[in-house]
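Read-outs: derived from the displayed coordinates by stated rules, not from any lab. In this text the structure is predicted, and so the values were computed from the model without any measurement. A quick note on method: Cβ atoms are made from the backbone with ideal geometry, for glycine too, and the neighbour counts reach across all protein chains shown.
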């Protein structure tokens with residue numbers, strides 16, 4: 001079989017990029033500028049707004065379980081459009097209500113569906129097309145996470161100044177709905193559907209037909225019960241949950257953090273936006289490291305690097321230069337988590353069983369990730385500063401280093417002979 005036509009697989013990674021972009025924009029990136037604006041407009045309590053994001057991410061845990069099962073039964077072609085559209089609809093309205101209860105409910109729904117497509121389907125769709133080349137491929141497509149942060153902050157700040165925060169949020173709801181509608185016509189579940197092979201390999205038409213039939217008839221032996229009884233599943237879920245927690249905990253409050261350090265708000269927004277540029281570089285770098293040395297080794301380096309980032313942030317002063325260095329270092333790290341977490345699941349379970357594995361690993365990761373906002377809100381309430389939470393995150397990063405060393409990376413999922 002010729003590789004001609006496999007460009008469609010890379011085209012699907014543009015959709016994965018947009019999904020990462022939308023996930024970043026509709027959840028963590030919004031916190032930096034929309035919460036202060038909504039607090040000012042409606043008189044909401046700032047700490048309460050931050051902490052309610054915890055419930056949103058916990059909703060995402062439930063959503064990820066449901067949508068992992070939907071993907072397993074119906075495929076990404078069905079699950080991705082539904083999750084994007086269902087994320088966009090409540091985003092159309094939640095900034096328009098002066099009721100904090102309504103705000104919490106609608107924002108909860110946004111998070112539930114955004115986390116589902118942003119953490120489940122970005123990985124499963126990539127695994128279907130790139131089981132072996134996933135590292136460097138995700139290195140480019142997961143750049144949608146920092147790209148969302150780079151574009152969102154200045155764009156939302158502009159929207160707030162022109163049409164207000166409520167309608168600004170609505171714009172991003174429209175974005176999710178449009179991408180969802182387009183994705184319905186865009187997605188091909190497997191390369192074999194188009195007479196192509198995973199990773200663009202050269203195989204015969206007979207081999208492609210055999211793979212297509214094998215995929216259609218395959219039933220994973222990795223049940224929820226079996227996954228829950230497997231120790232490395234918990235190690236993997238907790239490890240990447242910690243790294244996700246640190247990532248969103250920092251970015252969600254970085255503007256406020258730098259303001260605490262004596263940086264004016266306008267400059268702080270610019271600094272956070274610019275961290276996304278280093279995140280774009282970092283995304284490619286971590287993808288390269290994953291491909292060149294393996295996901296486990298890349299994760300070990302990544303966890304060590306986060307310890308260094310947090311030390312630099314903790315000791316950052318009002319000096320613009322030092323704060324800029326710390327911010328750019330964080331941005332470089334931010335580019336890796338969207339790559340390494342799904343890549344390790346594919347590494348350990350393969351493309352035939354990764355969807356089954358996401359039903360347990362993603363929820364474990366999601367619960368840990370959601371703790372970021374509990375920590376931030378608690379530290380704001382008790383110590384009065386965002387920066388105090390970074391000490392706790394540094395300790396968590398040290399735990400992640402240990403878990404990265406002990407996690408196994410041998411594939412335990414089913415692999416056809418041509419993919420071994």
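Based on DSSP H runs of at least 4 residues, each adding -39500 (n - 2.57), what is the mean residue ellipticity at 222 nm of the chain after dividing by all its residues, to the nearest 500 deg cm²/dmol?
-26500 deg cm²/dmol
What's the Cα-based Rg to Rh of region 57-157, Rh via Kirkwood?
In region 57-157, Rg relative to Rh is 1.03.
Could you tell me the center-to-center distance, by alpha carbons, between region 137-208 and region 211-282 in angstrom?
Here the answer is 17 Å between Cα centres.
Taking the chain as a Gaussian network, Cα atoms linked when under 10 Å apart, which of 46, 218, 302 shows the biggest mean-square fluctuation?
Between 46, 218, 302, it is 218 that shows the largest mean-square fluctuation.
Rg(Cα) of region 153-299 divided by 2.2 N^0.38 Å?
Numbers: Rg = 22.3 Å, N = 147, 2.2 N^0.38 = 14.7 Å.
So region 153-299 has a normalised radius of gyration of 1.52.
Taking other Cβ within 10 Å of each residue's Cβ, how do 201, 213 sort, fewest first?
On the way: 201 17, 213 11.
Ordered by Cβ neighbours within 10 Å, fewest first: 213, 201.
Over region 17-80, what portion of Cα pair distances is larger than 14 Å, expressed as a whole percent?
When all Cα pairs of region 17-80 are counted, 68 percent exceed 14 Å.
Work out the P(r) tail for region 8-407: percent of alpha carbon pairs separated by more than 39 Å, whole number.
Value for region 8-407 (Cα pairs over 39 Å): 13 percent.
In terms of the Cα gyration tensor, with a ≥ b ≥ c the square roots of its eigenvalues, is region 178-264 rounded because a/c is under 1.5, prolate because a/b exceeds b/c, or oblate?
Because a/c hits 1.5 or more and a/b fails to exceed b/c, region 178-264 counts as oblate.
For region 334-420, take the alpha-carbon Rg, divide it by the Kirkwood Rh, and send me Rg/Rh.
Answer for region 334-420: 1.11.
Can you give me the relative contact order of the chain as a percent, contacts being Cα pairs under 8 Å and 6 or more apart?
Value for the chain: 26 percent.
Just 273, 388, 341 to compare: in a GNM of the chain, with alpha carbon springs under 10 Å, which one fluctuates most?
388
When the convex hull of the Cα atoms of region 244-287 is projected onto a plane and the area is averaged over all directions, what value comes out in nm²?
Its average projected convex-hull area is 3.3 nm².
Comparing 33, 162, 360, which has the greatest mean-square fluctuation in the GNM of the chain with Cα pairs linked when under 10 Å apart?
Maximum among the listed residues: 162.
How large are Rg and Dmax for region 284-323 when calculated on the C-alpha trace, in angstrom?
Final numbers for Rg and Dmax: 13.6, 39 Å.
At 0.692 mPa s and 37 °C, plugging the Kirkwood radius over alpha-carbon pairs of region 250-329 into Stokes-Einstein gives what diffusion coefficient in µm²/s? Mind dumping the intermediate values first?
Details: Rh = 13.4 Å.
For the chosen part, D equals 245 µm²/s.
Classify region 262-420: rounded, prolate or oblate, from the alpha-carbon gyration tensor (a ≥ b ≥ c, eigenvalue square roots; a/c under 1.5 rounded; otherwise prolate if a/b is larger than b/c)? Show your work: numbers first, answer last.
On the way: a/c = 2.47, a/b = 1.80, b/c = 1.37.
Prolate, since a/c reaches 1.5 and a/b exceeds b/c.
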